[in-house]
């Protein structure tokens, strides 16, 4: 193996990425020196070189065991010691490497008050990005309670946003840990979440319920919030106690519930809704109930029930409920065969269609539709939001002429300002979740490729691959994985076959589960046909490698 190259005092991660891409291009062109470099560092690398292997070669040339070790050193040198330590602490939290986290906290005590660019503290990385952790196994998968305890004991402050997130996700173990650490305020919603019936009764017996952690002092709102929180954790006796007080304050609520079924059934229904506390702005228990009836009808593909609830509760269509209208549409953008539900909502002329300017949404519904292979929804969605004029959206809808305009005659991308292209045009894009650094042209190319593949625009996908898009990018809809992982979990066999035929890395593992796409098919979606397709492709690739 040749001597290691010297890493500059202030290295550029972008420059290192370009070195890896240049190496891959030189190998593909048959450059003997480039091929010799590969064989010196990774003797068994299969040619043409994948971007992942090219990065491995570059990392080893600089004396590092792998790309992650190289990037960690770059962050340490360029980002400053504390920023480097924070990045290492995030990895230690995710990997449940508590000895490493303890060492970092000892060496860098300022970590307990560190915040990233999006104002997240390290304690926030111990909680779940998944919306539902009410199942113990899901809580173990997505939460890091021991790391959270270590941070709290080291002096990290538990902010309202942190414990509220724990409550919203239904992570009962994390909530109990925060209670043991005396990190929770004794408000009515919090004691309801803990299922403390004695404390709930004590608060209700006061002349007026108060919640010092909230801006609102309206008793009905606070009791309603506590009711839904109790339902979130399936504390039905507490919930019934709170519902009784809510009905005493608002007899019309009791009449509505009785017309539907009864208070017990009402609480039981709310207790089955994992997204109970994710609605903003806050709604009354009845409004929340109706919203979830609509969502349940959509999720069960029960269009008659969906239409019936819309017709019986026309307030859903009013201007103040535009967020509810958007929330009803969003899952239909990533579910399959839900176009009729969006159409049913829009044909009732909701306020959503008459705002004068595109209404804000928590996430781009057009981007969601394209990310889940539902480009056929775009004509409905563009009645509300304009289609962005950029490379990824052009690729996602299959506009080959528009895609071609973003490249010059030599095949190089000519994008202009990256701020005009998704994902950089969307401030809500989960850049931190994907561990993506500053905006790059490569990110735009890779998402354009992903959307073209997932929406079966394979000629455009081939065009993009020929112009530098990375088939093994770590883009995914939530955390780092790959386009192949996404196509697999979505059951998109055409996309999976295209990716296999064009050399996608079948062994690439995702960030959360450390599983290949075959593992996602076999254990996540239980799609044996897809799993066998991927297994056979991996076997064939292995046999071809042996015969070379």
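The values are calculated or read from the model by the stated rules, or taken from the named source; none is laboratory data. Note that the structure is a prediction, hence the values are computed from the model and not measured. Note that each Cβ is placed from the backbone with ideal geometry, even for glycine, and that neighbours are counted across all protein chains shown.
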Given the structure, is residue 498 assigned by TED's automatic domain parsing to the domain that holds residue 542 and farther than 23 Å from residue 541 by Cα?
-> no
Looking across the stretch 143-175 at residues that are part of a helix (DSSP H, G or I), touching a residue at least 40 places away in the same chain (Cβ under 8 Å) and within 18 Å of the chain's Cα centre (by Cα), the single one that is surrounded by the fewest Cβ atoms within 10 Å (Cβ to Cβ) is 165
Output the residues belonging to the stretch 480-509 that are under 18 Å from residue 52 (Cα atoms) and in a loop (DSSP other than H, G, I, E, B).
-> 480, 481, 482, 502, 503, 504, 505, 506, 507, 508, 509
From the list 319, 245, 300, pick out the single residue that is surrounded by 15 or more Cβ atoms within 10 Å (Cβ to Cβ) and free of Cβ contacts under 8 Å to residues at least 60 places away in the same chain.
-> 245
Among the residues of the stretch 65-106, write down those that are under 30 Å from residue 27 (Cα atoms) and at pLDDT 90 or above.
-> none
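To keep it simple, each residue is scored yes or no on (1) surrounded by 21 or more Cβ atoms within 10 Å (Cβ to Cβ); (2) out of contact with any helix residue (DSSP H, G or I) (no Cβ under 9 Å at 6 or more places or on another chain).
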site: 293; (1), (2): no, no
site: 308; (1), (2): no, no
site: 313; (1), (2): no, no
site: 327; (1), (2): no, no
site: 336; (1), (2): no, yes
site: 360; (1), (2): no, no
site: 367; (1), (2): yes, no
site: 388; (1), (2): no, no
